[in-house]
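Any read-out appearing in this document is the output of simple, stated calculations on the displayed coordinates, not a laboratory observation. What you see is a predicted model, and the numbers here were worked out from it, not measured in a lab. Every residue, glycine among them, receives a Cβ derived from its backbone with ideal geometry; neighbour counts consider all protein chains shown.
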Amino acid sequence: MTLIKKILLPFFFAAALMPALVLAQQSVKVSAGKEQGVGQKQLKPISNNLFGVFFEDLSYSADGGLYAELIQNRSFEYTPGDNKKWQPLSFWEYTTAGFGYGTISVESAQSIAPVNPHYVLLNIDDPGKEGVGITNSGFDGICLHAGESYNFSVYIRQVSAKPVPVKVELRGGKGISYGQFAFKTQGSGWKKYTGTIKAAQDADSAKLTVLALAKCKIAIDEISLFPEHTFKNEKNGMRADLAQAIADLKPKFMRFPGGCLVHGDGLDNMYRWKNTIGPVELRQQQRNIWNYHQSYGLGFFEYFRFCEDIGAKPLPVVAAAVSCQNSGGTRGTGQKGLPLAEMKSYIRDILDLIEYANGPVTSKWGAKRAAAGHPKPFNLQYIGIGNEDKQTDDFRDRFKMISNEVRVKHPEITIVGTVGPFPSGEDFDLGWAFADKLSVPVVDEHFYQKPGWFLDNNTRYDSYRRTKSKVYIGEYASWGNSLLNALSEAAFMTGLERNGDIVAMASYAPMLANLSHTSWNPNLIYFNNKTLAPTINYYVQQLFSVNQGDLYVPGVVKFELHNTGRDSTLAASCVKDSRTGDIILKIVNAGGKEANAAIDLAGINISGQQAILDLLKGNPADKNTINDPKAVQTVSREITTAGLASYVAPPYSLSVIRLKTK
Ligand code: AHR
């Protein structure tokens, strides 16, 4: 008896006995191995960049999130334009505890730079017993870890004649001091002062106080506090735990910095990458479309460096020179195009971005990258133009101008276009027609839908044309963070692997959300200033991402079905990673009953009798929360390959089985 018969016979037998029971797919006959095949299973090359991440500065993902800065409104640039309740002293308080007195004001004459106009002027008449100064409450309190060091810096312009003694202290309630240091100002003009404080205790709601200890007049700006330990200990770096959670996804690429953030709330709010590089105090900050503020401390240099640090290809997105169609809300201005007279310089900015990422250090923008500490190019391969834009002539004209120029000047860069915010409809159809006309290499589809949509759309790409643009699913999520939501995404993702010849890339969205400032749900990872909670959706993303292949193996998993139709709660895929030779199966059971799956390994030269099973399972409504972050997580164990002939997928589960062939 051949191996395939041995494996499938029980199911053929059962099928004969029960006419209503059908096998989901035709079995595949097996013969000896071929170049691009396993037996007669013809392996299909699929994208080896399939699963990545999407980062948007939304829900405090950057400031107050991934960007490790602990001081909020460090340069006194918050305005009511960011948020109606804010002004330059938001999150600061005037500190006069020891009977000191004087005046505090926000000034702008002789600022550090025109792009950083506001600073605090302290005019101290009497420093009292403890000094007079200002205190920052961070992003919902400053989180400290006992024994760890925190790097402080400040710009001060001494206005009065004599040097001023200054004390910097991390404080808790009831007079607790977690650590402090002191220095004296010197001379006139803006000068940067730095120091390190070691935290004496853990804290999650510390404050930072800067006090002048003498009668004086001083100007203060750009007050910063960073944990010394950032991700990979980079300067101006990322919060280590959040960055590690992203790195643990092993994303093949990272799309940034948005989303709606990119095309902005009106033309003046469009994201301009050049404002986000160079010394942080010289970056032109602006309002965040999600109703807060972008310090741009996390700017394009940091994005590129982070991509490199986590081994992800950078996929920056630039606006297609039109603002968001929802600008100003429903009764707002709608989509506006940049005046045509400005297009030349706008396109220049995009070409300069490519030079900033990839140009030699001798080039103008390559030199700026080198000056920031990265002479080596960042190996930019993709650029996204536009995000969910309404398909109008304004959009089309500008997209065409940009893409023509990028293609001519940089044929090595793959352009990613956009086809509106929904998986179908007018913008989607017009977007695809336009992409066809221009032969845009990749288009970005987005869908936020119910779990049932994801289950039903497992086959969405089976019938897509193979001859036109490839697809990047830049944003998708089922509406929720329960196990059932996550499994519906997993089922859909098996379809992406099966269609990995046309689907080039996919990224769940959004990725990060600060629990106290969440503007969008669901998200992949929730966090507060202290800790984080990866959702079950995160574990699904991780299981697919760390188990990617570059070849699709068809016809391996066959479910035993109890009616004649397709059961959309069951889905499976099989890929081969040609680098390791491993065969990786993903079996999704999003239904409430055990599911029998016959795994046809005939012709696959499995070595050894052990396989690794990664299993994610639970109750459909289970969720990971900040108080119970590990309610459902992946459990790994060894299994024997012999049992795979009739694998039982538990109710509400994702099974990932990795088999060795070498
Ligand atoms: O991911 C959240 C938002 O959803 C993105 O900013 C936008 O592109 C989409 O509408």
Enumerate the aspartates and glutamates that K576 could reach by cross-link, defined here as Cα to Cα under 13 Å, with residues fewer than 8 away along the same chain left out. E497, D550
Quickly work out the K660-to-H562 label distance, labels modelled 7 Å from Cα along the C-beta direction, and quote it in nm with one decimal. 3.8
Quick one: angle between helix 393-409 and the longest Cα principal axis of the chain, in degrees between 0 and 90, rounded to 10, please. 90
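Please state the charge dipole magnitude for the stretch 290-361, taken about the Cα centre, from unit charges on C-beta atoms (+1 on K and R, -1 on D and E), reported in debye and rounded to the nearest 20. Don't jump to the answer; show the numbers that get you there.
Values: 6 positive and 7 negative charges, 73 e Å.
For the stretch 290-361, the charge dipole is close to 360 debye.
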Based on the mean of other Cβ atoms within 10 Å per residue, sort peptides 278-286, 489-497 so the most packed one is first. 489-497, 278-286
Determine Rg/Rh for the stretch 320-472; Rg is computed over alpha-carbon atoms and Rh is the Kirkwood hydrodynamic estimate from the same atoms. 1.03
With axes computed from alpha carbons, what is the tilt in degrees of helix 483-498 against the longest principal axis of the chain, rounded to the nearest 10 within 0 to 90? 70
What residues qualify as long-range amide H neighbours of Y178, i.e. H under 5 Å apart, gap of 5 or more or another chain, H built at 1.01 Å from N? L170, R171, G172
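Based on DSSP, what percent of beta bridges with both residues in the chain are antiparallel, to the nearest 5?
Bridges in the chain that DSSP calls antiparallel: roughly 75 percent.
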Kirkwood-based Rg/Rh on the Cα set of the stretch 606-662 evaluates to 1.09
Grab the DSSP H runs of the chain that are 4 residues or longer, score each as -39,500 (n - 2.57), total them, divide by all residues and round the 222 nm result to the nearest 500 deg cm²/dmol. -5500 deg cm²/dmol
What dipole magnitude, in Debye to the nearest 20, does the stretch 468-597 give about its Cα centre under +1 on Lys/Arg Cβ and -1 on Asp/Glu Cβ? 100
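Note down the net charge around K368, summing +1 for each Lys or Arg and -1 for each Asp or Glu among other residues with Cβ under 12 Å from its Cβ.
Numbers: positive: K274, K364, R369; negative: D352, E355.
Charge balance near K368 sits at +1.
State, as an integer percentage, the relative contact order of the stretch 143-213 based on alpha-carbon contacts under 8 Å between residues 6 or more apart. It would help to have the intermediate numbers written out before the result.
Values: 153 pairs, mean separation 34.7, N = 71.
Worked out over the stretch 143-213, it gives 49 percent.
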What whole-number volume per residue, in cubic angstrom, does the convex hull of the C-alpha atoms of the chain give? 165
When you count, for each residue, the other Cβ atoms within 10 Å and take the mean per peptide, how do 146-153, 340-347 rank with the highest first? 146-153, 340-347
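For the stretch 520-617, rounded, prolate or oblate, judged on the Cα gyration tensor with a ≥ b ≥ c (square roots of eigenvalues), a/c < 1.5 rounded, else prolate if a/b > b/c? If you can, show how the numbers build up before the last one.
Details: a/c = 2.50, a/b = 1.38, b/c = 1.81.
In terms of gyration-tensor shape, oblate.
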Segments 247-255, 356-364 sorted - mean Cβ within 10 Å per residue, highest first: 247-255, 356-364
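Only Lys, Arg, Asp and Glu count, each charged at its Cβ (+1, +1, -1, -1), so figure out the dipole size of the chain about its Cα centre, rounded to 20 debye. Please list the in-between numbers first.
Working: 70 positive and 63 negative charges, 239 e Å.
The calculation lands at about 1140 debye.
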Over the Cα atoms of the stretch 563-662, what radius of gyration and what Dmax do you get, in Å? 14.8, 48
How far, in degrees from 0 to 90, does helix 426-438 lean away from the longest principal axis of the Cα atoms of the chain, to the nearest 10? 80
Name the long-range amide H neighbours of G264: under 5 Å, sequence gap of 5 or more, or other chain; modelled H, no Pro or chain starts. Y271, C324
